[in-house]
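Would you mind keeping the following structure in view while I ask a few things?
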Amino acid sequence: MVIQTLITNISSKIKIFRIADILRINSNFFFDLIIYHLSKFIPAKVDDNLMVLGSASGKAMIGNPKYLYYYLEKNTDYRLYYFVKSKDLEKKLKKEGVNAIYAYSLKALSLLRKARAVFVSHGYSDVLPFKKSSRTVFIQTWHGGEIKIRHHDYFEKYVNSKKAKLLGLKLQSKNLYDYVINTSGVEKQIRVLSEAFGDYPKERILSIGYPRNDMFFNSHEETIKQIKEKCRIPKDIDKIILYAPTYRESFTTKDPFTKSDLKNINNYCKKTNSIFLIKAHVSENIISLTEIGNINILNKETDIQELLLISDILITDYSSVFIDYMLLDRPIILYTYDYDEYISNRGIYYDNLEEIAPGPLIHNVEGLIESLKNIEKVKEKYQQKYTKVKNYFNKNTSGNSAEILLKFLKLI
């Protein structure tokens, strides 16, 4: 009781959570340090019926934790909490029936200390830095395949720095996560993931597939219909084309499309009764050009898994989104308009992208439209390689990854 009073007084005086919210410093070293050590004062009385989930640094409910949440909600009686770092998002999710909780609070920190299991998709920033109880299982469900060089490589240098060790900040992946999830089991993928997480023990990488992809095996026509309605896809559209590129940092100087490019894409879509969906971080320049009938820039909150499910063709680039999409056996085009620039500045884990491409690498819009016009020929041409790449990246994906994970952890 005395300790709890002390914590409350400290929090009230320094207003650390409010400061973090205002300054958006949840990944700042000193914030991590303070919250991590503060958590030690909260008794770690683990509640076997309590689970915590979080994703995307608390900015969105997405990915594997999202689909684990819904699986657990449907099939178990666990008390579930989804951590978010925006009051507006907390309110929105609660209206949708999700038991969301604002992360910057003592209650949230207390839940982490008491949770039987914690699931994240990006890192501890999905929830809060905290001292984990020995009885709490902490699972890094991850959010992609190992194609482009991961910033986690650099993150490990941060938590392994002399400063971190000197001040007792024990947030290194191999100390923090009990297990990391993978889709493949192929030696190179395991090695790359292990290196990205600071020489994470390979025997603790679970190659069981991603829970977010279970929906590709279990969805029904009614689900697809509801998603299309939510995305405002006209009922009479014959073909849905999704453009979902990777996030590009400040080094990229090119826009994917010019005004002329978008007009040409729109003309193609009109002729073929198609719609071109853009799920991307796009410049204001592109946004201003898309007031055209058959091109639609999607809200950034739109769930990529749902978009993949309803799309007939995927256009991407260096993003591992194509790994998920291959499970649907639908055609893929890689639009790599800035290939040399991207490879030089960010890089990938392979000698070249062609090595793992399940479709053609296209460098300009003329080639992109030509591939769309001849998509059946493209599909036929790449069928053998498509199957090979699909099996390489999704070797252990079965459609019931959520169940497999929870049974392995003895949580169901």
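The values are calculated or read from the model by the stated rules, or taken from the named source; none is laboratory data. All values derive from a computational prediction rather than experimental measurement. Glycine gets a Cβ as well: all are built from the backbone with ideal geometry, and neighbour counts include every protein chain shown.
Hey, among Ile224, Ile265, which residue is buried (at least 17 other Cβ atoms within 10 Å of the Cβ) and either modelled with pLDDT under 95 or not in a loop (DSSP other than H, G, I, E, B) (or both)? Before you say what the answer is, go through the steps one by one.
Details: Ile224 fails: buried (at least 17 other Cβ atoms within 10 Å of the Cβ).
After applying the criteria, what remains is Ile265.
With the condition kept exactly as written, say whether any residue in the range 86-98 is in contact with a helix residue (DSSP H, G or I) (Cβ under 8 Å, 6 or more places away or on another chain), in a loop (DSSP other than H, G, I, E, B) and surrounded by fewer than 24 Cβ atoms within 10 Å (Cβ to Cβ).
Yes, the range 86-98 has at least one match.
Checking Tyr36 against (1) surrounded by 18 or more Cβ atoms within 10 Å (Cβ to Cβ); (2) touching a Ser or Thr at 6+ places or on another chain (Cβ under 7 Å), which single condition isn't satisfied?
(2)
Does any residue of the range 317-326 turn out to be polar (S, T, N, Q) and at pLDDT below 85?
Within the range 317-326, none of the residues are polar (S, T, N, Q) and at pLDDT below 85.
Restricted to the range 175-189, and to residues that are modelled with pLDDT under 90 and among the hydrophobic types (A, V, I, L, M, F, W, C), which residue is nearest to Leu327 (Cα to Cα)?
My answer is Val186.
Results for (1) modelled with pLDDT of 90 or more; (2) in contact with a helix residue (DSSP H, G or I) (Cβ under 9 Å, 6 or more places away or on another chain), shown as yes or no for each residue.
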residue: Ala196; (1), (2): no, yes
residue: Tyr210; (1), (2): yes, yes
residue: Pro245; (1), (2): yes, yes
residue: Thr252; (1), (2): no, yes
residue: Lys270; (1), (2): yes, no
residue: His281; (1), (2): no, no
residue: Asn285; (1), (2): no, yes
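Here's something else I'd like to know. All but one of (1) outside any helix (DSSP H, G or I); (2) buried (at least 18 other Cβ atoms within 10 Å of the Cβ) hold for Leu327; state the number of the condition that does not hold.
That leaves (1) as the condition not met.
Would you mind stating whether Ile237 is touching a Lys or Arg at 6+ places or on another chain (Cβ under 9 Å) and either at pLDDT 85 or above or of a type outside the set (Ser, Thr, Tyr) (or both)?
It is true that Ile237 is touching a Lys or Arg at 6+ places or on another chain (Cβ under 9 Å) and either at pLDDT 85 or above or of a type outside the set (Ser, Thr, Tyr) (or both).
If you check Thr290 against the conditions, is it β-branched (Val, Ile, Thr), in contact with a Ser or Thr (Cβ under 6 Å, 6 or more places away or on another chain) and modelled with pLDDT under 90?
Here the answer is no, as Thr290 does not meet what is asked.
Taking the options Tyr69, Tyr81, name whichever one is within 20 Å of Asp214 (Cβ to Cβ), crowded, with 21+ Cβ neighbours inside 10 Å, of a type in the set (Ser, Thr, Tyr) and at pLDDT 95 or above.
Going through Tyr69, Tyr81 in turn, the sole match is Tyr69.
Another one. Restricting the search to the range 361-412, which residues are surrounded by 18 or more Cβ atoms within 10 Å (Cβ to Cβ) and charged (D, E, K, R)?
Listed by number, the list holds a single entry, Lys390.
Restricting attention to the range 204-214, report how many residues are under 12 Å from Lys66 (Cα atoms) and not in a loop (DSSP other than H, G, I, E, B).
So the answer is 3.
Applying the selection to the range 79-117, what residues are in contact (Cβ under 8 Å) with a residue 60 or more places away in the chain and within 18 Å of Ser133 (Cβ to Cβ)?
Answer for the range 79-117, where residues must be in contact (Cβ under 8 Å) with a residue 60 or more places away in the chain and within 18 Å of Ser133 (Cβ to Cβ): Leu106, Leu109, Ser110, Leu111, Leu112, Arg113, Lys114, Ala115, Arg116, Ala117.
Just need a number here: residues in the range 228-245 that are within 19 Å of the chain's Cα centre (by Cα) and not small (Gly, Ala, Ser). Let's see the steps before the verdict.
Just the residues of the range 228-245 that are within 19 Å of the chain's Cα centre (by Cα), to begin with: 242-245.
Still in the running and not small (Gly, Ala, Ser): 242-243, 245.
Residues in the range 228-245 being within 19 Å of the chain's Cα centre (by Cα) and not small (Gly, Ala, Ser): 3 in total.
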